[in-house]
Number of protein chains: 2
Amino acid sequence: MKEKAPRHRSTVQRRIILEELQRTRDHPTADELFQRVRERLPNISLGTVYRNLDVLVRTHLARRIDGVGGQCRFDGDLRRHYHIRCVCCGRVDDLTWMDTGVFDAAGVKAPGYEVIGFRLEFEGICPRCKRDADGTETPPTAH
Amino acid sequence: MKEKAPRHRSTVQRRIILEELQRTRDHPTADELFQRVRERLPNISLGTVYRNLDVLVRTHLARRIDGVGGQCRFDGDLRRHYHIRCVCCGRVDDLTWMDTGVFDAAGVKAPGYEVIGFRLEFEGICPRCKRDADGTETPPTAH
DNA sequence: ATATATGCAAAGCTTTTGCCCTTTC
DNA sequence: GAAAGGGCAAAAGCTTTGCATATAT
């Protein structure tokens, strides 16, 4: 019943995409990553980046951070940590200092569900947006 | 500097959209809500639903639940509660029994940030998906 | 050899926006 | 009667997909 999983091959594109994702700490969107990878592989296409991010997430080499307004971000850091997102600009920073076992999904019992994890994200206003703020802009989460 | 906020008017569409959102407990997408509202207001347009959901979220009469893959869900229940999302079908259920102060955003100090809240969401497999599962499908979060 | 991956472009979906008319205050 | 809102359709933005070619094993 279960269709057999394809054995993924090691391609230049995949390796460099992962490298770039791991090199940075700023949780790029697919397009941002595409721009960076493109500097090393000028012919790579955005579709390839999406396909590979997909593979990387499925093989647990990267994590997807679901975003506001339909844009995802990706994280190459597999260590347990939390995120804080700026509601103004959408930027996502790490909260590694909280690297504790505050929450344990195993302890959660949702009736009927098989719980497999949880997602915790703080929301705030990042330093740059605080500086720029004139109170006029409407934050993305509020849309 | 701050542009003055428009004073919102009470329209039939807005009232019914909010009513339908509050009537249900299943966190509909904009389109799902549109279908339900349409039964009462056959001429309403999807754009109006989006515009009103926007207003309702901004005026804190509804909450937006950011979704996987760019589709948002909305919640008309303003009481403090958590969510559990099925990674197979995307369905979101409430976790009201956890209605405790487990987390307090005020206690979180993210360097440089002004913390305004947090988002906690459990992930799991809902009863229906567990029953249907043949292990073949790839969950949405894994994409 | 053959399954897997890439590039390119087109298609798909959700959400936003412009325009002009209608409704609310 | 101004200002806010609605309907409709087009546009926008992100992501996925089809197809022919190239590459990894």
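The values are calculated or read from the model by the stated rules, or taken from the named source; none is laboratory data. Bear in mind that the values here come from a model prediction, so they are computed numbers and not experimental data. Backbone-built Cβ (ideal geometry, glycine too); neighbour counts: all protein chains shown. For the accessible areas, the whole protein counts, side chains as well, though only heavy atoms, and no ligand, DNA or RNA atoms are used. Shrake-Rupley method; radii C 1.70, N 1.55, O 1.52, S 1.80 Å.
Where residues in segment B:17-40 are more than 14 Å from residue B:72 (Cα to Cα), surrounded by 17 or more Cβ atoms within 10 Å (Cβ to Cβ) and in contact (Cβ under 8 Å) with a residue 24 or more places away in the chain, which of them is farthest from the chain's Cα centre (by Cα)?
Ranking the qualifying residues of segment B:17-40, first place goes to B:37.
Inside segment B:50-77, can you point out the residues that are out of contact with any Pro (no Cβ under 7 Å at 6 or more places or on another chain), within 30 Å of residue A:54 (Cβ to Cβ) and within 6 Å of DNA strand D (Cβ to nearest atom)?
Scanning segment B:50-77 gives a single hit, B:70.
For residue B:118, which of the numbered conditions (1) within 7 Å of another protein chain (Cβ to nearest Cβ); (2) modelled with pLDDT of 80 or more; (3) exposed (fewer than 14 other Cβ atoms within 10 Å of the Cβ) fails to hold?
(3)
Can you list the helices (runs of 4 or more DSSP H) lying wholly within segment A:4-81 that have 2 or more residues being away from every other protein chain (no Cβ under 14 Å), within 27 Å of residue A:117 (Cβ to Cβ) and within 11 Å of DNA strand C (Cβ to nearest atom)?
Output list reads A:12-23.
Looking at this structure, is residue B:47 within 16 Å of DNA strand D (Cβ to nearest atom), touching a Lys or Arg at 6+ places or on another chain (Cβ under 8 Å) and either at pLDDT 90 or above or open to solvent by less than 20 Å² (accessible area, probe 1.4 Å) (or both)?
For residue B:47, the condition - within 16 Å of DNA strand D (Cβ to nearest atom), touching a Lys or Arg at 6+ places or on another chain (Cβ under 8 Å) and either at pLDDT 90 or above or open to solvent by less than 20 Å² (accessible area, probe 1.4 Å) (or both) - is not met.
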